Amino acid sequence: MASRNRTNALVVPQATSALEQLKYEVAQELGIQIPQDGYYGNMATRDTGAIGGHITRRLVQIAEQTMAGYNR
């Protein structure tokens, strides 16, 4: 079995709880129930993809707003 090299490690490990909270906020907005046991194997790929896509969209929006603030 090949070893896995994880490339999605957080640059700022302290951001873990903020990203977790963002995941639950986005899922609630989309009306998607996240399993309490943390096992996503029974969720539809479309649902998990929608959550990830909306998180990415929101993070890009936050970064754009932050960058716009620096240019003033």
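Read-outs: derived from the displayed coordinates by stated rules, not from any lab. Model, not experiment: these values are computed from the prediction. No Cβ is skipped: glycine too gets one built from the backbone with ideal geometry, and neighbour counts run over all protein chains shown.
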By how many nm would the segment from Thr16 to Thr56 grow when fully extended, if each residue of separation counts as 0.36 nm and the alpha-carbon distance is taken off? 12.9 nm
Angle check, please: helix 16-30 long axis (alpha carbons) against the longest principal axis of the chain (alpha carbons), in degrees 0 to 90, nearest 10. 80
Write down the Kirkwood hydrodynamic radius of the chain, to one decimal in angstroms, obtained as one divided by the mean of 1/r over all alpha carbon pairs. 14.4
Counted neighbours (other Cβ, 10 Å), sorted fewest up, put Ile51, Ile34, Ile62 in the order Ile62, Ile34, Ile51
Dipole size in debye (nearest 20) for the stretch 14-70 around its Cα centre, Lys and Arg Cβ +1, Asp and Glu Cβ -1? 140
Would you compute, from DSSP H runs of 4+ residues alone, the mean residue ellipticity of the chain at 222 nm, taking -39500 (n - 2.57) per run and dividing by the full residue count, rounded to the nearest 500? -19500 deg cm²/dmol
Helix 45-70 against the longest principal axis of the chain: what's the angle in degrees, Cα atoms only, rounded to the nearest 10? 10
Between Thr48 and Gln33, what is 0.36 nm times their sequence separation minus the Cα-Cα distance? Round to one decimal in nm. 4.4 nm
